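The values are calculated or read from the model by the stated rules, or taken from the named source; none is laboratory data. These numbers come from a predicted model, not from an experiment. Virtual Cβ from ideal backbone geometry, glycine too; neighbours counted across all protein chains shown.
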Amino acid sequence: MKAWKTRRVLVAAAVGVALLGLTGSAIGAGGKGPAKAKLSIKGKDSFKPNGYLKLGEFFAPGTVTIRSGGTVTMTNTTDDPHTLSIVKRSQVPRTLEQVGNCSVCGTILKAHGINPEGPPTMGPPPIRVVDVGVAGFDSPGDSTVIGPKASPGARVTFKVTARPGTTLNFICAIHPWMQGRLLVK
C-alpha cells in the first residue's frame, strides 16, 4: 500500500475512534433556496486481490442548493469518519495523482488538530469545526468532521453564511476523491 494510502487509513481510524460525541440535526426546505438541506455520505470501498481497489465513498447529492443563512445536515452512512472542508476550486483534486498528493488535505487535518503524518491518536479531534472567517461556512478553510455511522457523531449540522450567488467547493480531507459543491441562493 502506498504511503499516502497508509496515512489516510491511519487518520481515518484515529478520527473514527475519536468522534463519539458530535451531534446535530435539521430537515426541511423553502423560500428562494431551501433554508435546510440534507447531505449524506454513502458507499463503501472494495477490492479484488490482484484485481482492483475501488474507493467508493461519496457525497450525495454532490451539489447542494442552500439559502444563505440556511443549515445543512450531513449524515454519515459509512464505517469511516470524514470531513466536509471548503476549498478553493483550484485545490479540488482532478487527477489520481492529485488525490494521492492532495495539496490542501494536510493543512485541513492539522487545522482540526490531527497529525496526518503521525500515528493515530485516541480521543476526539481537538477541533471538530474550523471556522476561518465570520461565523458559519462561507470561505475556504471552513471545515467540519463527522464520525462513522455507528457513532453519535454520525450526524452534524452547519450553517452556510456565504453570500447569495456563491459556489463553495468542498472535499473530504481524509478521502479527497469525495467532492461536491454548495450553491448558495
**Study point:** Scan of the range 151-174 for residues that are in contact with a helix residue (DSSP H, G or I) (Cβ under 7 Å, 6 or more places away or on another chain) and surrounded by 19 or more Cβ atoms within 10 Å (Cβ to Cβ), ordered by number
**Key:** ALA173, ILE174
Review point. Under 9 Å by Cβ, and 6 or more places apart or on different chains, what pairs join a residue from the range 45-63 that is free of Cβ contacts under 8 Å to residues at least 60 places away in the same chain with one that is outside any loop (DSSP other than H, G, I, E, B) and surrounded by 13 or more Cβ atoms within 10 Å (Cβ to Cβ)?
Key: GLY56/LYS42; ALA60/LEU39; ALA60/SER40; ALA60/ILE41; ALA60/LYS42; ALA60/GLY180
Exercise for review: Could you list, in sequence order, all residues of the range 135-164 that are in a strand (DSSP E or B) and of a type in the set (S, T, N, Q)?
Suggested key: SER143, THR144, THR157
Point to revise | Selected residue [at pLDDT below 95, more than 13 Å from PRO176 (Cα to Cα), basic (Lys, Arg) and out of contact with any helix residue (DSSP H, G or I) (no Cβ under 6 Å at 6 or more places or on another chain)] from LYS42, LYS36, LYS48, LYS32 | key: LYS32
Check your understanding: Would a scan of the range 94-107 turn up a residue that is assigned to a helix (DSSP H, G or I) and touching a strand residue (DSSP E or B) at 6+ places or on another chain (Cβ under 9 Å)?
Key -> yes
Practice item. Evaluate the following for VAL134: is it more than 11 Å from the chain's Cα centre (by Cα), over 15 Å from THR73 (Cβ atoms) and buried (at least 22 other Cβ atoms within 10 Å of the Cβ)? Key: no
Review point. Can you name the number of the only condition in (1) within 13 Å of ARG181 (Cα to Cα); (2) of a type outside the set (Val, Ile, Thr); (3) surrounded by fewer than 19 Cβ atoms within 10 Å (Cβ to Cβ); (4) in contact with a helix residue (DSSP H, G or I) (Cβ under 9 Å, 6 or more places away or on another chain) that SER85 fails?
Key: (3)
**Study point:** Per-region count, the range 165-185, residues under 11 Å from THR65 (Cβ atoms) and part of a loop (DSSP other than H, G, I, E, B)
**Key:** 1
